[in-house]
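Dumping the structure here so I can ask a few things about it.
Since every read-out is calculated from the coordinates, none of them should be taken as a lab result. Just so you know, these numbers come straight off a predicted model, no measurement behind them. All Cβ positions, glycine included, derive from the backbone under ideal geometry; neighbour counts span all protein chains shown.
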Amino acid sequence: MRNVISIRVQNVPGVLSHVAGMLAARGYNVDSLTVGATEDPSLSRMTIVLDVEPELAEQVSRQLQKLVTVVETQNLSHVAHVERELALVRVEVSAAERSGVVELANIFRAKIIDVAARSVLVEISGVSSKLDAFIVALQPYRIVSLTRSGCISTARGDYELMK
């Protein structure tokens, strides 16, 4: 089962290494791990996606909470939450094929952010399954490069305010 764990950590050198090391030492396979700034400059937020059973995800949350640099853990799989991912996809196209890629981008609400003589760079964001579907739809063309950000997530509604 796909589990999304959000953790707030101290914004100090080595915290990513501590978290990744703990996950690797226990043999957990991470599907996605993203790190970014928060509203508090002393903290960062990590979003970790694991494909494990719910009981194992709870165990991971408890183990993460024991790390000195971890301030808070939250398994978002148990609450209503929003997930997003970003991808940049460069597609090799001829001038004649370009309109097909532009049409697909419009259908998926993606943006053309760079056009070159032989390629188009597309930016798309949304849930992981939307990005997967877009990439499959581009299969008739040659994908030259693909970069995905990994999942970021937060609880819906006033959840953060109720703590």
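Residues of segment 7-45 with the amide nitrogen closer than 18 Å to a label point 7 Å from the Cα of residue 72, along Cα-to-Cβ, please.
7-12, 35-45
Where in segment 69-98 does the label zone of residue 56 land, with the point 7 angstrom along Cα→C-beta and an amide N cut-off under 18 Å?
75-78
Name the long-range amide H neighbours of residue 72: under 5 Å, sequence gap of 5 or more, or other chain; modelled H, no Pro or chain starts.
When sequence neighbours closer than 5 places are left aside, the close amide H contacts are 8.
If I stretch the segment between residue 118 and residue 133 completely, what's the gain in nm (0.36 nm per residue apart, minus their alpha carbon distance), one decimal?
3.1 nm
Let me ask something else. For the chain, what is the calculated [θ] at 222 nm in deg cm²/dmol (nearest 500), taking -39500 (n - 2.57) for each run of four or more DSSP H residues and dividing by its residue count? Each step should come with its number before you reach the end.
Values: 4 runs with 46 residues, N = 163.
Rounded to the nearest 500, the figure is -8500 deg cm²/dmol.
Counting Lys and Arg as +1 and Asp and Glu as -1, each charge on the Cβ, what is the dipole of segment 2-79 about the Cα centre in debye, to the nearest 20?
The dipole magnitude comes to about 180 debye.
So, one more: With the radius of gyration and the Kirkwood radius both derived from the Cα set of the chain, what is their ratio Rg to Rh?
Working: Rg = 18.6 Å, Rh = 17.6 Å.
Dividing the radius of gyration by the Kirkwood radius yields 1.06.
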